[in-house]
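Chemist: Before I ask anything, let me first share the structure, which is written out below as structure tokens.
The values are calculated or read from the model by the stated rules, or taken from the named source; none is laboratory data. This is a predicted model, so every value here is computed, not measured. Positions of Cβ are generated from backbone atoms using ideal geometry, with glycine treated the same way; all protein chains shown enter the neighbour counts.
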Amino acid sequence: MTTVTCAQLDDLLFDGSPLAMETAARHAEHCDACAEKLADWNEIAATAQSMRATWENDLLWPRIERAIRAERRKSPRWLWQVAAAIVLVVGLGATMFYALRNQTRDAAFDRDILRISALDEVERAERSHIAAIDKLENLAEPKLDEAATPLMVSYKEKLMLLDDAIAECETLIEQNRQNAHLRRQLLAMYSEKRQTLQDVVREDPNAATP
Amino acid sequence: MLQSAMTTTMIPATAPSGSEDRRLAAACAEGDSRVFEEIYRRFGDRMKSIAWNHLGNASDAEDAVQETFLKIHRAATTYTGEASFSTWAYRILVNTCYDLLRRRRRRIEEAPIDDVVETAERTAPSVDDAKRMTLRKLLNELPEQRRTVFTLFEIEGLSHAEIGQILGISEGNSKWILFATKKELQEKWKRSQ
């Protein structure tokens with residue numbers, strides 16, 4: 001009747017169905033080694049079945065109920081509070097960020113505009129002086145070349161000094177075009193040279209030396 | 001008072017499925033206290049037993065059950081109905097037990113599971129406490145998944161289909177894991193006797 005071998009016992013245990021276990025039991029009746037294995041197997045199963053734990057705790061359900069109720073009460077309000085706080089912080093942060101950025105940008109823009117505009121004004125004045133100086137030099141040159149009077153010689157020396165000073169100042173300005181002090185100094189020199197040249201042009205070569 | 005029983009459980013392994021399960025889930029999402037109580041009355045004992053057999057003491061088991069109910073409340077809207085509501089709840093419970101085990105490993109080591117079992121009152125005269133303690137000790141040495149498969153099948157009487165859904169494995173895999181676990185336990189059992 002029993003057709004299974006010892007090697008097939010594991011297959012029957014793996015199957016685990018009532019029929020398989022019955023077949024294993026029949027085989028074990030004639031095989032001590034398999035009987036021992038099967039006995040351990042069944043003992044483990046029986047022990048496990050006795051390990052289901054049951055106990056009464058009348059306080060557990062009320063505790064769970066309270067926890068759920070607390071969670072239900074707390075969750076939406078808590079979520080709303082967190083959401084509102086996040087929106088507020090993000091909103092304030094973004095507003096401050098944009099305000100500061102705009103302020104910084106405006107200030108920088110104003111600074112740039114003022115600087116550019118002042119620089120343009122100075123350079124326009126310089127160009128105006130240079131143009132006037134060029135014209136005056138053309139007019140004054142013959143007189144200066146023929147400087148016969150002490151006054152004309154003095155003008156000539158003054159103009160040479162001014163040219164040296166202007167050249168030096170222009171060199172310094174090349175290194176730092178934003179230097180207002182040098183710019184003012186250069187303008188003053190141009191103005192002085194222009195005035196000196198005008199004086200030279202106005203000077204009557206035939207006029208008697210006082 | 002802790003008790004164990006040789007008889008199979010009176011609680012059905014799974015709840016009625018389909019629309020009934022979806023009704024439970026919807027009511028849980030709304031926080032309906034009566035439905036939670038219904039779930040507790042229907043599945044609470046099994047949940048406590050599963051938790052006890054994972055965590056080893058009633059206090060931690062009750063904490064796990066409470067935490068599971070809170071998680072059910074939070075996640076009820078995500079219940080799809082693929083598994084029965086009870087299977088879904090047991091899955092949450094098992095994962096909660098894993099979390100608690102990891103979090104409380106040190107505490108459990110300080111209060112060995114054998115001590116808890118020793119002080120517990122049992123009413124299973126056919127199998128002595130020494131065997132239960134031996135088996136429990138051997139189960140504690142197993143990896144989480146193996147222990148859970150063994151616990152759910154041999155102790156709680158769940159089917160391999162249900163265990164597969166709880167652990168996210170196939171039915172066949174659950175069967176194989178149980179067989180391999182029992183073979184391992186058999187070897188150790190023999191040596192411990």
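Chemist: When only residues in region B:54-109 that are assigned to a helix (DSSP H, G or I) and basic (Lys, Arg) count, which is surrounded by the most Cβ atoms within 10 Å (Cβ to Cβ)?
Modeler: Ranking the qualifying residues of region B:54-109, first place goes to B:Arg91.
Chemist: Give region A:122-160 a look and list any residue that's under 29 Å from A:Gln178 (Cα atoms) and touching a helix residue (DSSP H, G or I) at 6+ places or on another chain (Cβ under 8 Å), or say none.
Modeler: Scanning region A:122-160 gives A:Val122, A:Ala125, A:Glu126, A:His129, A:Ile130, A:Ala132, A:Ile133, A:Leu136, A:Glu137, A:Lys158, A:Leu159.
Chemist: It is to be established whether one or more residues within region A:126-137 are away from chain B (no Cβ under 14 Å), among the basic types (Lys, Arg) and in a helix (DSSP H, G or I).
Modeler: yes
Chemist: Let me ask you something else. Tally the residues that are in contact with a helix residue (DSSP H, G or I) (Cβ under 7 Å, 6 or more places away or on another chain), without any contact (Cβ under 8 Å) to a residue 24 or more places away in the chain and assigned to a helix (DSSP H, G or I), restricting the search to region A:1-20.
Modeler: 3
Chemist: Also, quick follow-up: Within region A:91-111, does at least one residue satisfy the condition of being β-branched (Val, Ile, Thr), in a helix (DSSP H, G or I), away from chain B (no Cβ under 12 Å) and more than 26 Å from B:Ser174 (Cβ to Cβ)?
Modeler: So the first thing to find is which residues in region A:91-111 are β-branched (Val, Ile, Thr), and the list is A:95, A:104.
From the residues that got through so far, the ones that are in a helix (DSSP H, G or I) too are A:95, A:104.
Next, only the ones that are away from chain B (no Cβ under 12 Å) stay: A:95, A:104.
Still in the running and more than 26 Å from B:Ser174 (Cβ to Cβ): A:95, A:104.
Taking every residue of region A:91-111 in turn, at least one turns out to be β-branched (Val, Ile, Thr), in a helix (DSSP H, G or I), away from chain B (no Cβ under 12 Å) and more than 26 Å from B:Ser174 (Cβ to Cβ).
Chemist: Sticking with this structure for a sec: Kindly evaluate A:Trp61 against the criterion of being part of a helix (DSSP H, G or I), within 14 Å of chain B (Cβ to nearest Cβ) and touching an Asp or Glu at 6+ places or on another chain (Cβ under 7 Å).
Modeler: Details: part of a helix (DSSP H, G or I): yes; within 14 Å of chain B (Cβ to nearest Cβ): yes; touching an Asp or Glu at 6+ places or on another chain (Cβ under 7 Å): yes.
Yes.
Chemist: Shifting gears a bit: I'm told A:Arg26 meets every condition in (1) assigned to a helix (DSSP H, G or I); (2) at the interface with chain B (Cβ under 7 Å from one of its Cβ atoms) except one. Can you identify the failing condition by its number?
Modeler: With (1) assigned to a helix (DSSP H, G or I); (2) at the interface with chain B (Cβ under 7 Å from one of its Cβ atoms) applied to A:Arg26, the lone miss is (2).
Chemist: Right, something else. Exactly one condition in (1) surrounded by fewer than 19 Cβ atoms within 10 Å (Cβ to Cβ); (2) under 30 Å from B:Asn57 (Cβ atoms); (3) at the interface with chain B (Cβ under 7 Å from one of its Cβ atoms) is false for A:Phe14; which is it?
Modeler: Of (1) surrounded by fewer than 19 Cβ atoms within 10 Å (Cβ to Cβ); (2) under 30 Å from B:Asn57 (Cβ atoms); (3) at the interface with chain B (Cβ under 7 Å from one of its Cβ atoms), only one is false for A:Phe14: (2).
Chemist: So, of the residues in region A:103-140 that are among the polar types (S, T, N, Q) and exposed (fewer than 11 other Cβ atoms within 10 Å of the Cβ), which turns out to be modelled with the lowest pLDDT?
Modeler: Among residues in region A:103-140 that are among the polar types (S, T, N, Q) and exposed (fewer than 11 other Cβ atoms within 10 Å of the Cβ), the one modelled with the lowest pLDDT is A:Ser117.
For every residue, the table says whether it meets (1) within 13 Å of another protein chain (Cβ to nearest Cβ); (2) under 16 Å from the mean Cα position of the chain (by Cα); (3) at pLDDT below 90.
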site	(1), (2), (3)
B:Ala76	yes, no, no
B:Arg104	no, no, yes
B:Glu109	no, no, yes
B:Arg122	yes, no, yes
B:Val127	yes, no, yes
B:Arg132	yes, no, no
B:Pro143	no, yes, no
B:Gly172	yes, no, no
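Chemist: Residues in region A:73-83: is at least one outside any loop (DSSP other than H, G, I, E, B), away from every other protein chain (no Cβ under 14 Å) and farther than 30 Å from B:Glu67 by Cβ?
Modeler: Among the residues of region A:73-83, not one is outside any loop (DSSP other than H, G, I, E, B), away from every other protein chain (no Cβ under 14 Å) and farther than 30 Å from B:Glu67 by Cβ, which makes the answer no.
Chemist: Let me confirm something: among B:Arg22, B:Arg42, B:Arg46, which residue is modelled with pLDDT of 85 or more, under 17 Å from B:Ser159 (Cβ atoms) and more than 8 Å from chain A (Cβ to nearest Cβ)?
Modeler: Being modelled with pLDDT of 85 or more, under 17 Å from B:Ser159 (Cβ atoms) and more than 8 Å from chain A (Cβ to nearest Cβ) holds for just one of B:Arg22, B:Arg42, B:Arg46, which is B:Arg46.
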